[in-house]
1. Among the candidates C:Leu333, C:Leu370, C:Leu353, single out the residue that is within 29 Å of C:Phe171 (Cα to Cα) and either away from chain B (no Cβ under 14 Å) or not polar (S, T, N, Q) (or both).
2. Against the conditions (1) touching a Gly at 6+ places or on another chain (Cβ under 6 Å); (2) within 14 Å of chain C (Cβ to nearest Cβ); (3) open to solvent by 20 Å² or more (accessible area, probe 1.4 Å), where does B:Pro63 fall short? Just the number, please.
3. If I ask for residues that are on the phi > 0 side of the Ramachandran plot and crowded, with 22+ Cβ neighbours inside 10 Å, which ones from segment C:747-769 would you list?
4. Return the residue satisfying two criteria in turn: it lies in segment B:7-39 and is part of a loop (DSSP other than H, G, I, E, B) and touching a residue at least 60 places away in the same chain (Cβ under 8 Å), and of such residues it is most open to solvent (accessible area, probe 1.4 Å).
5. Identify, by number, the condition in (1) more than 9 Å from chain C (Cβ to nearest Cβ); (2) modelled with pLDDT of 85 or more; (3) over 29 Å from B:Ala211 (Cα atoms) that B:Gly29 doesn't meet.
6. Going by what's in this entry, would C:Ser70 be described as within 14 Å of chain B (Cβ to nearest Cβ) and either within 30 Å of C:Leu267 (Cα to Cα) or in contact with a Phe, Trp or Tyr (Cβ under 8 Å, 6 or more places away or on another chain) (or both)?
7. Assess whether B:Gly197 counts as being surrounded by fewer than 24 Cβ atoms within 10 Å (Cβ to Cβ), part of a loop (DSSP other than H, G, I, E, B), more than 9 Å from chain A (Cβ to nearest Cβ) and at pLDDT 85 or above.
8. Among the residues of segment B:214-228 satisfying the criterion of being assigned to a loop (DSSP other than H, G, I, E, B) and more than 7 Å from chain A (Cβ to nearest Cβ), which is modelled with the lowest pLDDT?
Amino acid sequence: MSIRHGLLALLERGPRYGSQLRTEFESRTGSTWPLNVGQVYTTLNRLERDGMVAQGGEDTAGHTLYTITDSGRAELRTWFEKPVDRTSPARDELAIKLAMAVGAPGVDIRNVIQSQRRHTVKAMQDYTRLKAQALLAVEGGGARERDDVAWLLVLEQLIFQTEAEARWLDHCESRLIRLSATAATAGTEASSGPSSSSAPTVSAAPNVPTAPRTSAS
Amino acid sequence: MSTQQPVLQLQNLTRVHGAGATEVHALRGIDLAVYPGELVAVMGPSGSGKSTLLTIAGGLDTPSSGRVIVEDTDITAASVKELAALRRRSVGYVFQDYNLIPALTAAENVALPRELDGTSARKARVEATAALEEMGLGHLADRFPDEMSGGQQQRVAIARALVGDRRLVLADEPTGALDSETGESVLALLRSRCDAGAAGVLVTHEPRFAAWADRVVFLRDGAIVDQTVRSDADSLLSGQVAEA
Amino acid sequence: MKTWFHSWRAAIRIARRDAWRSKGRSALVLAMIALPILGVSALDLTYRSSQLSPAEKLERTIGAADARFSDAQVNGVPIFQDPAGEMHTTVKDYEDEPWPSGSTDVTKAIPAGSTVLTDGSGSAKLTTAHGLLGAEVRELKASDPIARGIMTLLEGRFPEKNDEVMATSHFLESSGLSIGATLSARNFDRPYRIVGSYELPDSLTTDQVNALPGAFLAPYAKAVEKAGLPAPDLSVSYLVRKSGGFTWNTVKEINTRGVAVVSRAVLLDPPAESEVPLNQKEGFRGYETSSEASAADLASLATVVGLAMLEICLLAGPAFAVGARRSRRQLGLVGANGGARSHIRAIVLSGGLVIGVAAAVTGIVLALVLTLVLEPVLEDAMGQRFGAFDIRPLELLGIALLAVLTGLLAAVVPAFTASRQTVLASLTGRRGVRRSSRVLPVIGLVALLIGGAVALFGSMVSQQVVLVAAGSALAELGVVAMTPALVGLFGRTGRWLPLSPRLALRDAVRNRGRTAPAVAAVLAAVAGTVAVSTYMASREAQNRAGYEATLPYGVAAAFVQEEGGRDAPAVRDAVQRNFPVDVRADVARISVGKPGCAPWGGEGAGCGRYEVVVPPANECPLYASVPGGGDPAEKYTPEQRRKLVTEDWRCKESASSGMYVSDGGLLIGDASLLKVLGVDDPATEKALADGRIVAFNRTLVDGKGTIGIKQITDIAAADKASQEGRPAPGKVSTLPAYLVPGEKKSYGLQALMTPATAKAAGLSTAPLGLYVSTERLPDSEQRQKLDSDLAKLGGNVELHLEEGFVNEYGIVLLALAVFAGLVTIGAAGIATGLAQADAEADLKTLAAVGAPPRVRRTLSGFQCGVVAAMGVILGSAAGLLPAVGLRLTEERDELRYYEQNLAEGWSGDLTPPDVPIVIPWETLAGLLVAVPLGAALLAALVTRSRGALARRAAT
């Protein structure tokens, strides 16, 4: 959905050709959302079919330029105004993994959570570092300011999303601790005492990162 | 990553509150070193010992065992007087709120540790004004705390924490009483001070703010369970952000 | 050193701004310290300004003259004088010979070529708008340049003619006359016109009239003598101006002629001690106060100042403790930023320093302004004009230091308490029972024990009141120091109390740091009050028991001795007019010589006196005069003396005791006097009517049943005879006497006869006055009216009204109780304010669990009441002890005196002295019940039910 609208938004600023659109899209989103040219042209074709863009001549180098139509503009308005749909939950690998880890023999779920948390926070640190640079750039001003601001917002979206995940991990952990404490008082000594994981584990578990989740559709 | 001497070293630190039935192990065998130019965030759930770690590092509390070394000085056995001197000269604190003495202006607040240390009022004020200017807070110099916003107060507190020769700032939830945007500005300042060579330890329970650190240490039940290492800055720009 | 200075500067800056931020509390403490400072420095300024320099003093006494010559009244024999010319004595010692007396011609001693101004003075009864006024008449040509400075002309002009006078402003005020009015004197019909008013700068309240030399006194004396009255004394001195002045040597030379000199040159440049021959004379040496006395004065002054400072410190201490508590977070931050304990102490102490300095400056500046503004009022009150406005910087600095010291001392305990807290506890604002110092109560206990022992020793062994007082003071300080521990004891009583008082008591006990100083302040004030009240009440009870009435209850007596009782009819009229008279008895006395003579003879020629003869057989052997002098009692052993005193009727004193009515207690009057004095005996009345002398004293009546009255006309011969132990020469009239049977109380009247009897015996009489019995005790208005009527007569009227025992201390006791009450309420209020500051969180919790809003009110009321109650209970206990100790000492003292008297046979009284100890229950009840109750109600009233919601703490 959003690639469609992203391209429409770019076209609103003036006619573009396919690979130019791809470059701009990536720079706007800070390469966090990689596109291939094929994806771009497929999308453009669909937009043209729906009457939202039209081919409008060539530039000096012979690239076919696309321009946005009125119905394309109307669609863009609607998209900006409409909230992002939250009715269908995104499939999240992490959630599924944690759900599977509960009760799996030989797996310390707290270690699973911690290694995921380390990874998540690490990602946040990276985003924050980028954000710090972006902030400097924005405050420094300059020609690319508009792009920098856009980039900053994207970064912050990523940061907040990651933070939500980190908080969710915190919550999972404290919930599990409380449950295991209840189980311990019920008679069976919890196998995963606090001391069992006291040694710092800095090993990088090969977990598939979930952020950013590119739900390309 | 640094071959420099650490500014702060905690070695096998433990702290037990109370005794007997009410005994609580706030810290169990903490080892941590903080280097110049490094900002370390300490995260962990409530009661994990974050604040205790910070109070011991600055000499406000004493460990039950283990050693605390600040800039080559072992402060574990220091007297109350020596600890006060340490806070005047080597360590600066930033708390969640009400960091500034209401009776003093921003500049005087910043100058306070220097004055307590015996620097003349004029010299201390010059240093304080310079410190404020350097952090872009020069316009606040003559304001009283109740004439400043919360974020401004926290930034002045950071300036005070690092005035003079002090290179170690210990911040305990410095953003706790601030909104997200203002908190960001406070952390940006802290970050820039560390980039300029200071060492910082930040206790927070907000991952978003912890993310400003070079290293995040995870504390659970008084022990360090994990920490992130600083990634190479180049990898961030290569577009491979998604990969760890 | 430098380091220390810089960090103190930072501390002072914080303290100064803090003081400014909490203006109310600062103002309270400032006022507490500044008020006494204001008083003391105003006193110092007034005292120093009223102290005159020698030059100023000279200007007021001798004007612009170089010296004042005056007659030493020693008949011109050589004298020694002191440099100031205030004291002098004859060069020769006259041990057994009569002292030379008589005047000399001063003018002969005045060196030739001097300018002289006479300065004469005498007294006269002057007519006023209301009646008569006795005043001094001074004959001095005040307009002369030599006299400049002695009299300050206020209005009008100086007298220029012989019939012109000017008067002091005080005379004009009390006489009701004004400039332009006519003035004359009694017995002297020459009128004088008042042309001006003046004042004597050294004595503003003097009634004085100034006339030209020779214009008044000489003709007045003549006129008075013509009227048959003795002429008033006239003293003349001479103001002398001579180039070069009078040196000490010249003065000594003039002294040889019996003339005393006040010399400007000598006073401005006094001679060395060794050059003053007077110092070599016995009894004229070391006139200055002994160093021992001044040391005692100094010690008592130091004690008073010390106790006042202690009281102020105790009152102000909690205020600083509140300040330290309120800014705990701030102090914690200073700690986190490297403030050592010494820095924290410095900040809190700086609070005291700042307030102390501010109080010193405020107090002294206000004192300066007030003294300057109120200078005329102060001068009037002191009856003396200031010299130069005298500011002694060193003394004011000392007073200022006292203020600063008080401020610092008040902040000491809070400073140490604040610095003892860990930085962490300050930052987190954790509350808890702060363990109070254990050293202080121990010191207190030691002081209490030592002080108690000293007081006990003082009262039991040494009878030294100073020891008792010192011991009590020490013990009391000990109790003050033990207050924190004692407050702790109160906590145990709280278990069964309802919520609010229980909360208040627990809170007070848990926070001894703030409760204790307030309780101690109350304790100190109450202890002092209770001690003084108990002592005074006991004294009063003793006085009441020992009171002896001079007249029967409700009886008044008025006597006029002057001028042969000329004003007696007027006095009788005045009494009759103003008092609710029941029975009036006019009395007269026997007069010998001219009618205008004073009863004791006097110096005027032709005056005599009389004696009631005591027959030699009736004289008590202990007191009978022995030829050649000496103490007759020494011949007897103590046993004999005791026997005489207790058994011999001649030695009983009761008959001759009472008020003095006349020589020998002899009065002329009729039976109404017997009635007034309550002598109800028909036989006596009959004897009186029969022309006999009624005697109340057996010793007056000789074996033949007569009483002899001796008229002495030659007083000089009589004095000589009595010096030599011989009876005085004189004509004795013998009258038949009637001795009143039984021992009737006659209040000083020993013998009475009717005017007819006196006349028949050839005795002349002079009216004396009257006795009256009243229907009811005259009220204060009637008494004031009589006083003013008598004053208009311008003479000396002896008036006595028997009102029974009057308690003199009542008002003092009340004032003390009120003072203690105010201190208690003040201290309790401060402590409550402190508690409120602390209890904000508790109150929020209470409100959260559903306590009604009035809980805040009741809680603060109880907090205040708890502090007040603890203070007054401890204070009453601590105050009773020294009072009882002091009374016990006095009892021992009196017992010892009594036993000694008894052993030596001086006293016939066999009942030992009674020294009661009376506890002033009214005062005590007021302090114990009313004051805490009042304090609690007051606190409850002024507390708002709803506190400022969610006020952020710790800023």
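1. The conditions single out C:Leu370.
2. Of the numbered conditions (1) touching a Gly at 6+ places or on another chain (Cβ under 6 Å); (2) within 14 Å of chain C (Cβ to nearest Cβ); (3) open to solvent by 20 Å² or more (accessible area, probe 1.4 Å), the odd one out for B:Pro63 is (1).
3. C:Tyr747, C:Gly769
4. B:Tyr35
5. (3)
6. no
7. So B:Gly197 fits the description; yes.
8. Among them, the one singled out is B:Gly222.
The values are calculated or read from the model by the stated rules, or taken from the named source; none is laboratory data. For clarity, every value in this text was computed on a predicted model and none was experimentally measured. Virtual Cβ from ideal backbone geometry, glycine too; neighbours counted across all protein chains shown. Note: accessible area is taken over every heavy atom of the protein model, side chains too, but ligands, DNA and RNA are not part of it. Shrake-Rupley method; radii C 1.70, N 1.55, O 1.52, S 1.80 Å.
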